[in-house]
Every structure is written in C-alpha cells, then in structure tokens.
Amino acid sequence: MRNVVALVGRPNTGKSTLFNRLVRARQAIVDSVSGVTRDRNYGRSEWNGIEFSVIDTGGYVSDSSDIYEAEIQKQVRLAIDEADVILFLVDGREGLTPMDEDIAEILRPCGKPVYLVVNKIDSPSNFTDQLEFYALGLGDLYAISAVSGGGTGDLLDEVVKHCNGESVKDEAVDGLPKITFVGRPNVGKSSIINMLLGKDRSIVTPLAGTTRDSIYTRYKGFGFDFYLVDTAGLRKKSKVEENLEFYSVMRTVRAVENSDVCVVMCDASNGFEAQDLNILSLAQRNKKGIVLVVNKWDLVEKNANTHLQFEKQIRERIAPNNDVPILFTSVLKKQRIVQVLEKSMEVCENRRRRISTSELNEVMQQVIDDNPPPIVKDKVVRIKYMMQLPTDTPAFVFFCNLPQYIREDYKRFLENKIRSTWNFTGAPVEIFFRKK
C-alpha cells in the first residue's frame with residue numbers, strides 16, 4: 001500500500017514551496033501571485049527511511065464563479081480522497097480567515113489524519129501568531145517556514161507515523177517510458193490525457209494556458225505501463241509576457257528533455273502552423289521519439305481524401321525528417337484515442353531497437369554495393385564496415401576510406417534504407433562516417 005500526503009489550503013499559503021522542499025526539487029512553480037498551481041502535482045519524498053508520495057494542490061476558494069477556481073475545488077477534493085495524510089496549510093502572517101474556516105469544515109469529517117500547519121512563522125517576532133489557529137479545532141499546531149525549512153522536521157516525524165514503512169518504489173518506477181504531450185495552448189493535451197485515464201487528472205477549460213506545471217501520471221493497464229506527461233502550451237517567445245508563463249514554458253522544455261516519446265498535438269481547425277513546426281523541431285533536436293496528433297478532427301469539413309491531403313501538407317512541411325506517424329483524433333468524439341497510446345509505445349520500442357552488427361553489415365553492404373557513394377572531386381569512397389553505437393537512441397557508424405567526401409544526400413539515402421528495413425518510424429536516427 002502506498003503512502004500519500006496531500007497539501008491543501010487556500011491560495012498563496014506556501015503549499016508549492018513546501019512541496020518543493022519535500023521532494024527536494026523545484027518541481028512546482030512558485031510565485032507571489034495567488035492561484036499559480038491549478039492541477040494536482042505529484043512528487044516523491046523520504047523521511048527517516050520511509051518514502052511517501054506528496055500531492056500539491058491549487059488554492060481552495062469556496063463559492064467562486066471563476067472557471068479556474070471551480071475546477072481547482074474539484075482537484076482539491078480528489079486529492080483529499082487519494083491521500084492517507086492531509087497537511088492543511090494556513091498563513092501565519094495573514095492570520096485566520098473565513099476561507100480557512102471553510103476548508104476546516106471540509107476536512108473535519110474526512111476521517112483521515114489532518115495536520116494543521118501554520119506556515120511563514122520564520123522569526124521570534126511572529127511566533128505567537130500561530131495561536132489564533134487553535135480556534136479551528138483541529139488539534140495541535142505545527143509552526144513552520146517552508147522557505148527556510150524551519151519546523152518541517154518535527155512535522156515529518158509525526159506524518160511518517162501514519163505511513164506503513166514500505167517503500168513506494170513500486171508505485172513510481174524509475175526507468176518507465178515517459179510519453180509527453182506537447183503543443184500550442186488549447187489543442188487538447190489535458191483533454192486527451194483525462195480521456196486516457198478515465199478521470200479528470202488535469203484541469204480543462206476553454207481558455208488557453210490552463211495548464212502551467214508539467215503533470216506526471218502513471219498509466220498502467222491493457223498491457224501498458226508508462227508515464228503520461230501533460231505540459232503547458234508553448235507559444236511564440238514574442239507572445240510570452242508574464243513570468244508565470246515563462247516558468248511554465250521552461251517546465252515544458254524540461255519535460256521534453258526528460259521524455260522518451262513526444263506526442264506533438266496540433267489543432268486541425270487551425271492547420272499545421274509555424275509554431276507546431278517549432279515544437280516538432282524541439283523534440284527532434286532532443287532526439288525524442290515523435291508521434292504527430294492532429295486533434296479536433298471532427299471540426300474539419302471532410303471528403304474522401306481530406307486526411308490524405310492534410311497529411312501530405314504536413315509531411316511537406318516537416319521534410320526531410322518526415323518518417324513520423326500521423327494520427328487524426330477527436331477527443332470529443334473519442335476517435336482514435338487508444339491508437340495514440342499504441343503508436344507511442346511502438347515508437348518507444350523503435351527508439352530502443354538494437355540491430356546486430358552481422359545483420360546490419362549483411363543488409364547494408366548489399367545496399368551500398370548496389371548504390372555506391374557518388375564520386376566527388378575524382379575521389380572514390382569505399383565503405384568497409386558498419387555498426388550500431390551503444391547509445392540511448394539509434395546511431396550508426398560507417399567506416400570508410402574518405403569520410404569527408406560523403407555527400408548529405410547519400411547520408412540521407414542510407415538513413416532511409418535503415419528506417420525502411422528495420423522500422424525506426426518516429427525514432428531519431430543518426431549516422432556518422434569515420435575513417436577506417
């Protein structure tokens with residue numbers, strides 16, 4: 001059984017700051033503006049040899065008409081349901097508020113251990129500010145400073161008493177494939193992840209830029225076992241104005257760097273735009289497997305050849321690196337959603353494929369004999385031997401007498417032959433020439 005600790009409270013009480021301290025990483029965005037965190041953010045922590053999961057939630061706001069705040073309420077309630085222990089954070093500087101009382105009313109009947117944590121008690125001058133929170137009737141107080149870490153040790157000593165002492169490694173296995181959904185804002189990344197998981201893991205609204213953090217969720221079922229990663233939408237640099245969006249973009253880029261396969265999503269009603277191509281190039285530069293998903297296909301007026309024409313236009317835009325699977329989906333109509341998973345795992349396997357040296361030489365030597373390198377400046381290039389390098393992504397080295405005279409078009413010809421022979425669709429393939 002896993003150990004799960006949830007952080008709840010009204011906006012701007014320091015939940016994300018404490019979350020980052022517990023997981024020992026700057027995983028959640030922290031800003032002085034309230035309401036920065038929206039989705040539930042998961043991390044792993046350890047104290048006194050006991051591991052547990054930590055859930056960061058958005059600030060709870062009651063009776064709000066704001067579309068984000070209504071969804072955040074739902075996310076907080078889901079986190080409370082998932083948790084074994086709840087840390088209720090309040091702001092020691094601002095004091096007790098009616099919103100704190102509303103949250104306490106929700107937590108009292110939950111039947112789970114609730115720790116009232118008074119944050120921002122960071123100097124002797126405001127140490128007594130915590131006392132008024134006894135009025136909430138939640139028992140003992142734990143005064144801490146999430147920024148400096150003061151008081152967190154005593155708090156964690158109590159929290160781990162409710163943990164069963166078993167490691168949570170089975171619940172969060174390192175080394176599992178990470179499939180990251182990237183794209184412009186409002187193309188349906190969060191919607192498709194919620195559809196795949198069968199629950200509202202990420203907040204979805206009609207407004208662009210709803211997702212801010214990169215959200216990791218383990219998917220285990222139907223023979224699959226990997227992480228789904230939801231990311232913030234990537235806009236052109238010139239349109240990124242607020243600091244929060246800048247941090248969100250950095251989180252997305254980091255998620256791409258740490259992924260195995262990038263599902264690049266675009267909006268069918270807008271077509272494949274220049275920013276979509278930039279996002280695709282970002283994944284290619286980082287040597288990631290790629291699946292291109294054209295979402296909202298139900299909004300496009302179609303005839304018998306519409307998808308073929310659309311696919312042709314995309315492949316012309318992304319050429320010469322166009323050995324990428326393209327799927328046309330509709331989250332609203334639940335069309336071809338499972339195929340996205342199947343194709344992503346196929347690309348992941350292609351990215352990890354190893355070809356034996358004997359098989360590679362047998363096949364490619366015949367290809368080279370039938371189509372030898374072009375003569376350049378009266379120089380005849382002879383390729384003697386080839387092998388796959390022991391790298392994380394497919395890379396091949398060809399040994400020859402004059403590697404400097406290999407033309408780019410011939411290099412691309414060999415790459416295409418390797419791709420077609422052993423199915424490296426969607427995977428990055430590198431070819432190097434070295435002197436024998």
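The values are calculated or read from the model by the stated rules, or taken from the named source; none is laboratory data. This one's a predicted model, so the numbers in the text were calculated from it and none came from an experiment. Cβ placement follows ideal geometry from the backbone for every residue including glycine, while neighbour counts extend to all protein chains displayed. Remember, those area values only see protein heavy atoms, side chains included, never the ligands or the DNA or RNA. Shrake-Rupley method; radii C 1.70, N 1.55, O 1.52, S 1.80 Å.
Below are the figures for this structure:
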{"item": "Any hit, the stretch 323-331, residues being open to solvent by 50 Å² or more (accessible area, probe 1.4 Å), farther than 14 Å from residue 188 by Cα, touching a residue at least 40 places away in the same chain (Cβ under 8 Å) and touching a strand residue (DSSP E or B) at 6+ places or on another chain (Cβ under 9 Å)", "result": "no"}
{"item": "Cross-chain or 6+ apart pairs with Cβ under 9 Å, the stretch 89-100 first and without any contact (Cβ under 8 Å) to a residue 40 or more places away in the chain and farther than 10 Å from residue 133 by Cβ, then outside any loop (DSSP other than H, G, I, E, B) and open to solvent by 30 Å² or more (accessible area, probe 1.4 Å)", "result": "93/129"}
{"item": "Flag for residue 342 being modelled with pLDDT of 90 or more, assigned to a helix (DSSP H, G or I) and within 22 Å of residue 396 (Cα to Cα)", "result": "no"}
{"item": "Residue, nearest to residue 283 (Cα to Cα), within the stretch 295-304, restricted to residues that are modelled with pLDDT of 85 or more and open to solvent by 80 Å² or more (accessible area, probe 1.4 Å)", "result": "299"}
{"item": "Helices (runs of 4 or more DSSP H) (entirely within the stretch 46-164) containing at least 3 residues that are within 30 Å of the chain's Cα centre (by Cα) and either modelled with pLDDT under 90 or surrounded by 14 or more Cβ atoms within 10 Å (Cβ to Cβ) (or both)", "result": "67-82, 152-159"}
{"item": "Scope the stretch 355-392; condition open to solvent by less than 20 Å² (accessible area, probe 1.4 Å) and either touching a Pro at 6+ places or on another chain (Cβ under 8 Å) or basic (Lys, Arg) (or both); matching residues", "result": "381, 383, 388"}
{"item": "Among (1) charged (D, E, K, R); (2) farther than 26 Å from residue 51 by Cβ; (3) in contact (Cβ under 8 Å) with a residue 24 or more places away in the chain - the single one residue 105 does not satisfy", "result": "(3)"}
{"item": "In the stretch 369-388, the residues that are closer than 16 Å to residue 408 by Cβ and in a loop (DSSP other than H, G, I, E, B)", "result": "371, 373, 374, 375, 377, 381"}
{"item": "Every residue from the stretch 187-213 that is modelled with pLDDT of 60 or more, farther than 21 Å from residue 294 by Cβ and within 15 Å of the chain's Cα centre (by Cα)", "result": "197"}
{"item": "Unmet requirement for residue 317, which otherwise passes all of (1) among the basic types (Lys, Arg); (2) over 14 Å from residue 181 (Cβ atoms); (3) open to solvent by less than 80 Å² (accessible area, probe 1.4 Å)", "result": "(3)"}
